[in-house]
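Please read the structure below before turning to the comments.
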Amino acid sequence: MEADSANLLPLLEKQWGAARLDHLRQIGRIAQQLGTPAYLVGGAVRDLFLKRYAPDLDVAVEGDTRMLAEACKAQIHGAHYQFHAQFGTAILEDSQGVALDLAQCRLEHYPAPAALPEVHPGNIHADLARRDFTVNAMAIRLDPQHFGILLDPYDGQTDLQAGLLRTLHSRSFLDDPTRILRGLRFATRFQMDLAPECHQQLKQALQADIFTQLSGARLWRELRYLLELEALPVALSLLTAWKLWFLLRPTPPASNTMPTLLQRGQEQIQWLSAQFPEEPLAIFIPMLTLIWQDVTLPDIQHYLDRWPVPDRSRLLADLRVLPGLPDTLLKAKRPSQKANIWQGVSVAGILAAMAIYADNPTLVDSARLYLQVQRRLPLPFNGQELQTLGLKAGPSLGKTLKLLREAQLDGEISNKENAQQWLIKQGILPPNPL
Ligand code: ATP
Ligand code: MG
């Protein structure tokens, strides 16, 4: 095959620069010495043709990865590695801390649809044959005599040029339905489409109800990646085209406002991250909240029973509050009452509310005020200081702190002096405390 003999050295030099190539050359040389040839595989090869910088490098080895990692550590200045016995993989880091994954070439056999494969050591051809799409089934030789030579047994290059995702065989989606969602992500990220026969394979896989055989954990992992996509609105239009909405909700969303909602949700997340870069935020939680517009709680519960979603009770609590939020806020007159309502919603839920009710400026302003100011307002006294003022430790102290917080939010107190006077007026402190 002509594509097989192409030497990509000029392209590699142009795209990646000397340091990365030197590192790969050294690994290729050492692997050769050990008699276990090494190849660059997977996404990095695809990204090279797409002229995108590949952050992760995967190297497939026809032999023992730990032995190669050990030899690299001994021979490459500053190199070190971690070995993961469970997967037989090694993460090799160079002196600059740049990491690269070493995995043994393997042959896979699927004992049942959607089950995890049985794995055996194999050569590079077997390793390419187990992959998801032709565009991801290319390899580059790293051995010194052939460094930079492309192996492209399934003509992935042609498919890449045509923007087509093509499986390597007709049972591919049945063997591993996560490939369907991987395909959806690649289609979204690289503006590709399934090859015509793969649309047919998708249809067959859905007719066979293949996703019911996939473990909830594996499904959730793929959905999370999906929800984290920058171009999520594009991915959702593909969910419609590929008839996959059932994975996320019982029926497709009735209106076409979903992409707008999600776009707004992403904007709110960006707004928050810019304001509070330290805020830990699981993006997929607000995204799910948005996706579950107009879905009943029992239906949502049904999905959550299957997925290992972190913070599920938090998420459910938010979903209970969100539909009535504009009314609840409208009834709250005092700033402290509004803040108390927001306090009952997670930060992710607040962002979702800001997206859902973007055309309600009062609600959005109130949410912003809570996130930016109210939730972080330092109290004039902490518990210890209140005790030195004569209050006893215990639940009543907590109550007093809450009252102080509310008085502060309502503008009744602003410093230690007027807070102390306020406590006296409330009868919480005696008129002349020590
Ligand atoms: P990116 O990392 O940019 O999302 P990638 O193609 O590198 O894209 P990874 O998930 O890192 O994707 O996987 C690396 C390679 O492993 C893929 O290119 C593909 O060849 C193979 N692969 C991963 N998951 C599967 C799968 N479920 N079935 C078959 N091959 C897979
Ligand atoms: Mg990758």
Among the residues that make up the stretch 205-225, is at least one of them more than 19 Å from the chain's Cα centre (by Cα), open to solvent by 10 Å² or more (accessible area, probe 1.4 Å) and among the basic types (K, R)?
no
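What residue, of G344, G390, G398, is open to solvent by 20 Å² or more (accessible area, probe 1.4 Å), among the small types (G, A, S) and at positive phi? Spell out how you get there, then give the answer.
Values: G344 fails: at positive phi; G398 fails: at positive phi.
When all the criteria are applied, what remains is G390.
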So for the stretch 89-99 (the condition being at pLDDT below 95, more than 26 Å from the chain's Cα centre (by Cα) and among the acidic types (D, E)), does at least one residue qualify?
yes
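Considering each residue of the stretch 116-170, count those that are outside any helix (DSSP H, G or I) and in contact (Cβ under 8 Å) with a residue 12 or more places away in the chain, and give that number. Explain how you work it out, then say what you get.
At the first step, the residues of the stretch 116-170 found to be outside any helix (DSSP H, G or I) are 116-123, 130-133, 137-143, 147-155, 163-170.
Subsequent filtering for residues that are in contact (Cβ under 8 Å) with a residue 12 or more places away in the chain retains 117, 119-123, 130-133, 137-143, 147-155, 163-168, 170.
Total meeting the criteria: 33.
Just need a number here: residues in the stretch 156-174 that are surrounded by 18 or more Cβ atoms within 10 Å (Cβ to Cβ) and either more than 24 Å from the chain's Cα centre (by Cα) or modelled with pLDDT under 95 (or both). Even if it seems obvious, please write down each step before you answer.
Kept after step one, since they are surrounded by 18 or more Cβ atoms within 10 Å (Cβ to Cβ), are these residues of the stretch 156-174: 156-157, 159-160, 164-168, 172-174.
When the remaining residues are screened for being either more than 24 Å from the chain's Cα centre (by Cα) or modelled with pLDDT under 95 (or both), the result is 156-157, 159-160, 164, 166-168, 172, 174.
Residues that pass the stated criteria total 10.
The rows are residues; the columns are (1) within 15 Å of ligand 1 (Cβ to nearest atom); (2) not in a helix (DSSP H, G or I).
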position	(1), (2)
L181	yes, no
Q200	no, no
F211	yes, no
R218	yes, no
R224	yes, no
E230	yes, yes
L236	no, no
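What residue, of L68, L50, L21, is away from ligand 1 (no atom under 16 Å from the Cβ) and under 30 Å from F190 (Cα atoms)? Show your work before the answer.
Numbers: L68 fails: under 30 Å from F190 (Cα atoms); L50 fails: away from ligand 1 (no atom under 16 Å from the Cβ).
Just one listed residue meets the conditions, L21.
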Looking at (1) without any contact (Cβ under 8 Å) to a residue 24 or more places away in the chain; (2) open to solvent by 10 Å² or more (accessible area, probe 1.4 Å), which is the only condition I300 fails?
(2)
Take the residues of the stretch 347-357 that are within 14 Å of P280 (Cα to Cα) and among the small types (G, A, S): which is surrounded by the fewest Cβ atoms within 10 Å (Cβ to Cβ)?
G349
Can you spot a residue in the stretch 53-75 that is in contact (Cβ under 8 Å) with a residue 60 or more places away in the chain, surrounded by fewer than 20 Cβ atoms within 10 Å (Cβ to Cβ) and either of a type in the set (S, T, Y) or closer than 27 Å to G163 by Cβ (or both)?
no
Go through the stretch 306-325 and report how many residues are open to solvent by 40 Å² or more (accessible area, probe 1.4 Å) and touching a residue at least 40 places away in the same chain (Cβ under 8 Å).
2
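The values are calculated or read from the model by the stated rules, or taken from the named source; none is laboratory data. Keep in mind that this is a model prediction, so the values were computed, not measured. When we count neighbours, we look across all protein chains shown, and the Cβ atoms used for this are built from the backbone with ideal geometry, even at glycine. Surface accessibility is based on the protein's heavy atoms, side chains included, excluding ligands, DNA and RNA. Shrake-Rupley method; radii C 1.70, N 1.55, O 1.52, S 1.80 Å.
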